[in-house]
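To start, the structure under review is shown below, and the notes come after it.
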Amino acid sequence: MTSELAAEPRANILLVEPNMITRKLITGILTKNGFRTFEAANGDEAVAFLSKLPDLVLLDVEDGSADHLGFVRKLQKDHARMPLIAMLELADREGIQKSLGLERLSFIEKPVMPDALLAGIETQLQWEASQKNGTALTGTAAEVDEQRRAFMRRAIDLSQQKMDENCGGPFGAVIVKGGKIIGEGWNCVTSTNDPTAHAEVTAIRNAAASLKDFNLAGCEIYTSCEPCPMCLSAIYWARLDKIFYANMREDAERIGFDDAFLYAEVALPENKRSLPSYRLLREEAKIVFENWMKKQDKTAY
């Protein structure tokens with residue numbers, strides 16, 4: 001059975017789970033979060049779905065049945081690069097991995113919790129994508145996940161350290177490329193009297209200076225709090241690949257950093273915003289734009 005989404009799915013996932021109730025619960029979680037799921041009760045049924053080239057396989061390995069092993073052998077032979085996540089209750093992961101004959105295998109413990117399921121899938125898909133574009137952290141999906149946690153902890157440590165040093169608010173960020181930190185930043189609005197000196201912006205400035213390039217494609221940013229509208233825009237302008245954040249905007253609001261007003265203002269038409277804006281000398285300014293179009297040695301992107 002296949003559960004279809006009206007919108008383009010985030011990824012296609014083949015779920016191999018003998019227990020129908022568990023299968024329906026997992027399918028419901030995945031569908032709710034934007035994934036398309038192909039359901040199979042066993043390895044024999046799952047083989048038929050391989051022609052659809054799913055992005056990832058979720059396989060219950062508790063019973064160690066022969067058809068599961070046959071299915072894994074089929075994957076190894078014909079779809080060696082298709083990522084596989086094993087679901088199991090047993091603690092003997094090494095034994096399962098050895099019996100399946102796979103060097104690289106991720107695990108999700110059963111009973112499957114929604115947050116753990118989604119986190120495991122996201123980590124695996126991100127790892128696969130990063131291997132394809134060559135800018136990535138290296139190692140197994142679990143090892144990449146641990147590296148990412150280490151980068152986030154560095155951002156959190158910066159938020160505490162620089163707050164203690166009275167640089168500004170409790171925010172830190174790091175930018176990573178190829179598994180190495182290339183730029184760090186922290187909030188230093190009050191210490192530099194710069195209202196734009198948020199953690200993400202200063203990290204972007206430092207990373208761009210380190211690379212000697214305004215284009216940070218191939219990089220990831222880890223920030224101790226969900227970016228505000230200004231920082232989110234800066235991240236897009238810098239062309240960063242991914243954003244990882246710890247605290248949410250609601251957490252920031254609770255301690256006095258409320259960005260809700262800005263989110264609402266940006267969404268309003270110009271004449272409805274609280275800050276008045278007026279057009280002036282457009283025709284004169286347009287001359288510069290026309291000159292830009294004629295310029296042969298442009299340096300902007």
Taking the options Arg154, Arg148, name whichever one is touching a residue at least 12 places away in the same chain (Cβ under 8 Å), part of a helix (DSSP H, G or I) and either open to solvent by 50 Å² or more (accessible area, probe 1.4 Å) or out of contact with any helix residue (DSSP H, G or I) (no Cβ under 9 Å at 6 or more places or on another chain) (or both).
Arg154
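Each row is one residue, and each column tells you yes or no for (1) open to solvent by 40 Å² or more (accessible area, probe 1.4 Å); (2) within 18 Å of Asp259 (Cα to Cα).
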site	(1), (2)
Gln161	yes, no
Val176	no, no
Glu184	yes, no
Val201	no, yes
Asn206	yes, no
Ile235	no, yes
So how many residues does segment 248-288 have that are surrounded by 10 or more Cβ atoms within 10 Å (Cβ to Cβ), closer than 30 Å to Asn215 by Cβ, among the hydrophobic types (A, V, I, L, M, F, W, C) and without any contact (Cβ under 8 Å) to a residue 24 or more places away in the chain?
3
What's the number of the condition Gly95 fails, among (1) open to solvent by 50 Å² or more (accessible area, probe 1.4 Å); (2) farther than 26 Å from Gly172 by Cβ; (3) modelled with pLDDT under 85; (4) small (Gly, Ala, Ser)?
(1)
Leading residue by the ranking (nearest to Ala119 (Cα to Cα)) among those in segment 50-59 that are modelled with pLDDT of 85 or more and either surrounded by fewer than 19 Cβ atoms within 10 Å (Cβ to Cβ) or among the acidic types (Asp, Glu) (or both):
Asp55
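Return a yes/no flag: does segment 124-132 have any residue that is in contact with a Ser or Thr (Cβ under 9 Å, 6 or more places away or on another chain) and at pLDDT 65 or above.
Kept after step one, since they are in contact with a Ser or Thr (Cβ under 9 Å, 6 or more places away or on another chain), are these residues of segment 124-132: 124, 127, 130-131.
Next cut, at pLDDT 65 or above only: 124, 127.
Checking segment 124-132: at least one residue is in contact with a Ser or Thr (Cβ under 9 Å, 6 or more places away or on another chain) and at pLDDT 65 or above.
The values are calculated or read from the model by the stated rules, or taken from the named source; none is laboratory data. Keep in mind that this is a model prediction, so the values were computed, not measured. Glycine also receives a Cβ, built like all others from the backbone with ideal geometry; neighbour counts cover every protein chain displayed. Heads up: the accessible areas ignore ligands, DNA and RNA and are worked out on the full protein's heavy atoms, side chains in. Shrake-Rupley method; radii C 1.70, N 1.55, O 1.52, S 1.80 Å.
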